[in-house]
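Have a look at the structure below before the remarks.
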């Protein structure tokens, strides 16, 4: 068990290292790489990771509280049963990441690449997903109540049984959703009208 506190790391390569079971508090990482790094069960709190690369890193069962991962790359990373609590993830790329069993609580996931992710049945209430890309993602039975989904891309996403009530759908191309992929989804009255109008219905 190790601890880093109130430190700043710039342009450091942690690639392939064993960084498991550590505690990282109030640290800043800029342009650092963690490619294929073992980071299982680490805890971060109030940290900032800026333009860092976690390609192929193992972050299984890691817990992140009020940390920021800005414009970071997680392609091929393993985030199995990891937790992100009130984190700022803006602009980060999760293409190809293993996200089964992940927990997202509050936080800002704006401009993230979440293509092909499996977030079905997840409690995602109140999270900000402004202009995130959910192309080909599985959100079936996910709880998306009160999320900011402004400008989100839902092309070919599965939303069967998802709860969208109270979510902001401004700027969403609702016609990109196949009817079968939204079967059973719960909407409030305003959203239902928006959906019908996107298909040309006249609603008085």
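The values are calculated or read from the model by the stated rules, or taken from the named source; none is laboratory data. Keep in mind it's a predicted model, so treat the numbers as computed, not measured. As a convention, Cβ positions derive from the backbone with ideal geometry for all residues, glycine included, and neighbour counts pool all protein chains shown.
Quick notes on this one:
- Only one of 101, 126 that is over 21 Å from residue 59 (Cβ atoms) and assigned to a loop (DSSP other than H, G, I, E, B): 126
- Check on residue 84, assigned to a strand (DSSP E or B) and either more than 20 Å from residue 18 (Cα to Cα) or at pLDDT below 95 (or both): yes
- Checking 99, 39, 35, 89 one by one, the residue that is in contact with a strand residue (DSSP E or B) (Cβ under 7 Å, 6 or more places away or on another chain) and under 23 Å from residue 168 (Cα atoms) is 89 and no other.
- For segment 1-43, the set of residues classified as closer than 21 Å to residue 81 by Cα and at pLDDT below 95 consists of 1 only.
- Pairs where the first residue, in segment 167-179, is within 9 Å of residue 152 (Cβ to Cβ) and the second is modelled with pLDDT under 90, C-beta under 7 Å, 6+ apart: 169/191; 169/194
- One residue stands out among those in segment 157-181 that are in a helix (DSSP H, G or I) and in contact with a helix residue (DSSP H, G or I) (Cβ under 8 Å, 6 or more places away or on another chain): the one that is surrounded by the most Cβ atoms within 10 Å (Cβ to Cβ), which is 174.
- Test for residue 191: is it surrounded by 15 or more Cβ atoms within 10 Å (Cβ to Cβ) and assigned to a helix (DSSP H, G or I): yes
- Of the set (1) under 19 Å from residue 6 (Cα atoms); (2) assigned to a loop (DSSP other than H, G, I, E, B), all apply to residue 115 but (1).
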